[in-house]
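Reviewing the structure listed below.
The values are calculated or read from the model by the stated rules, or taken from the named source; none is laboratory data. Bear in mind the structure is a predicted one, so any value in this text is a computation, not a measurement. FYI the Cβ positions are ideal-geometry reconstructions off the backbone, even for glycines, and counts take in every protein chain you see.
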Amino acid sequence: MSKLFRAVIMGPPGSGKGTISERIAQSFGLQHLSSGDFLRENIAANTEAGVLAKTYIEKRLLVPDHVMTRLLLPRLEEMTRHSWILDGFPRTLAQAEALSRACELDVVISLNIPLETLKERLRHRWIHPASGRVYNLCFNPPRMQGVDDISGEPLIQHEDDRPEALVARLRHYKDVAKPVIDLYKAKNILHTFSDTDTDRIWPHISSLLNTKIRTDQSSAQRASTN
Ligand SMILES: Nc1ccn([C@@H]2O[C@H](COP(=O)(O)OP(=O)(O)OP(=O)(O)O)[C@@H](O)[C@H]2O)c(=O)n1
Ligand SMILES: Nc1nc2c(ncn2[C@@H]2O[C@H](COP(=O)(O)OP(=O)(O)O)[C@@H](O)[C@H]2O)c(=O)[nH]1
């Protein structure tokens, strides 16, 4: 069996984590694990962690580390036979340390996108709240305006995707993410991509993963034939 591959994608709101994770899932067969989707599923199912997380999300606060790790780590344990890309977790150093204790990461992708680009994207971001599917009126519009392609249900916009809210969210992201980025830099697994367009970043991410996944698979094959 080929070696399993574990990646994390980080970046400020609107940087394209969800969009790029979906491309990675489709092109490389990795499972896309989105912490936002896990939270929404737990909230919908009224689990203990979901009920607790909801009180924070409603106030647009980060869910505390112990709640996030209690929610996420068991899901990762269920995935021991899969390769995955994790999107939205870890957000804090405590979450990153808990993740390091649970598994070894192969690659961390960090997206570095200019503020003006983030503002413009989020202004046009529309979401199907039940599934977490994301659209953009310019970049990937829904087939029918205001309606989810799959369920036919209405799309919504997040209050805090407004340009006025973004500067504070971004500052908060930078403060909290800095030690996480430093940790992954020190482990030599951080890869940063800077551009205004997902389509220009994608070929670089794709070739990085091609190299990493192919190299890992051939060394796993060598190990199994020795
Ligand atoms: N590690 C995480 C991931 C998510 N959340 C909470 O879950 C919400 C939804 O997460 P997500 O779907 O990732 O959406 P956004 O915060 O809008 O992030 P982004 O704009 O980067 O997609 C967040 O706002 C936050 O309250 C959290 O507290 N901690
Ligand atoms: N115009 C434009 N929009 C993009 C691009 N990449 C992603 N988007 C859109 O920008 C918004 C934010 O992307 P998303 O993947 O949700 O980012 P996340 O918040 O980091 O998960 C979504 O509406 C995407 O459809 C791009 O290159 N150009």
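Selection of first residues in segment 132-156 that are surrounded by fewer than 15 Cβ atoms within 10 Å (Cβ to Cβ) and of second residues that are of a type in the set (Gly, Ala, Ser) and part of a loop (DSSP other than H, G, I, E, B), restricted to Cβ pairs under 9 Å at least 6 apart or on distinct chains, gives the following pairs, ordered by first then second residue: Met144/Gly152; Ile150/Ser131; Ser151/Ala130; Ser151/Ser131; Glu153/Ala130; Glu153/Ser131; Pro154/Gly146.
Within the bounds of segment 63-77, is there any residue that is more than 16 Å from ligand 1 (Cβ to nearest atom) and out of contact with any Leu (no Cβ under 8 Å at 6 or more places or on another chain)? Yes: one or more hits.
Residues that are aliphatic (A, V, I, L, M), within 30 Å of Cys103 (Cα to Cα) and in contact with a strand residue (DSSP E or B) (Cβ under 8 Å, 6 or more places away or on another chain) within segment 141-194 comprise Ala177, Val180, Ile181, Ile189, Leu190, listed in sequence order. Screening Arg81 on (1) basic (Lys, Arg); (2) away from ligand 2 (no atom under 14 Å from the Cβ); (3) touching a residue at least 60 places away in the same chain (Cβ under 8 Å); (4) within 17 Å of Val176 (Cβ to Cβ) shows it passes everything except condition (4).
I'd like the full set of residues that are basic (Lys, Arg), under 20 Å from Arg91 (Cβ atoms) and touching a helix residue (DSSP H, G or I) at 6+ places or on another chain (Cβ under 8 Å), limited to segment 107-130. Walk me through it before giving the result.
As a first pass, look at segment 107-130 and keep what is basic (Lys, Arg): 119, 121, 123, 125.
Okay, now just the ones that are also under 20 Å from Arg91 (Cβ atoms), so 121, 125.
Passing the criteria: only Arg125.
Residue by residue, here is whether (1) modelled with pLDDT of 95 or more; (2) more than 14 Å from the chain's Cα centre (by Cα); (3) within 29 Å of Leu190 (Cα to Cα) holds:
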residue	(1), (2), (3)
Leu73	no, yes, yes
Glu77	no, yes, yes
Ala102	no, yes, yes
Lys119	no, yes, yes
His128	no, yes, no
Val134	no, no, yes
Cys138	no, yes, no
Met144	yes, yes, no
Asp148	yes, yes, no
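Being touching a residue at least 40 places away in the same chain (Cβ under 8 Å), assigned to a helix (DSSP H, G or I) and polar (S, T, N, Q) is the filter here, so list the residues in segment 26-45 that pass it. Result: Ser27, Ser35. Here Ile109 fulfils each of the conditions (1) away from ligand 1 (no atom under 13 Å from the Cβ); (2) closer than 25 Å to Ile156 by Cα apart from (2). Would you check if Val63 is surrounded by 17 or more Cβ atoms within 10 Å (Cβ to Cβ), touching a helix residue (DSSP H, G or I) at 6+ places or on another chain (Cβ under 6 Å), at pLDDT 90 or above and of a type outside the set (Asp, Glu)? Considered against the rule, which asks whether it is surrounded by 17 or more Cβ atoms within 10 Å (Cβ to Cβ), touching a helix residue (DSSP H, G or I) at 6+ places or on another chain (Cβ under 6 Å), at pLDDT 90 or above and of a type outside the set (Asp, Glu), Val63 comes out as yes. Considering segment 46-160, there are no qualifying helices (runs of 4 or more DSSP H) wholly inside with 3 or more residues that are among the basic types (Lys, Arg) and within 18 Å of His172 (Cβ to Cβ). Looking only at segment 27-39, decide whether some residue is within 11 Å of ligand 1 (Cβ to nearest atom), surrounded by fewer than 15 Cβ atoms within 10 Å (Cβ to Cβ), farther than 20 Å from Asn136 by Cβ and at pLDDT below 95. No: zero hits. Of Arg6, Arg23, all but one fail to be farther than 13 Å from Gly88 by Cβ and within 16 Å of ligand 2 (Cβ to nearest atom); the exception is Arg23.
In this structure, does Leu137 turn out to be out of contact with any strand residue (DSSP E or B) (no Cβ under 9 Å at 6 or more places or on another chain) and farther than 15 Å from Ser15 by Cα? No, not satisfied.
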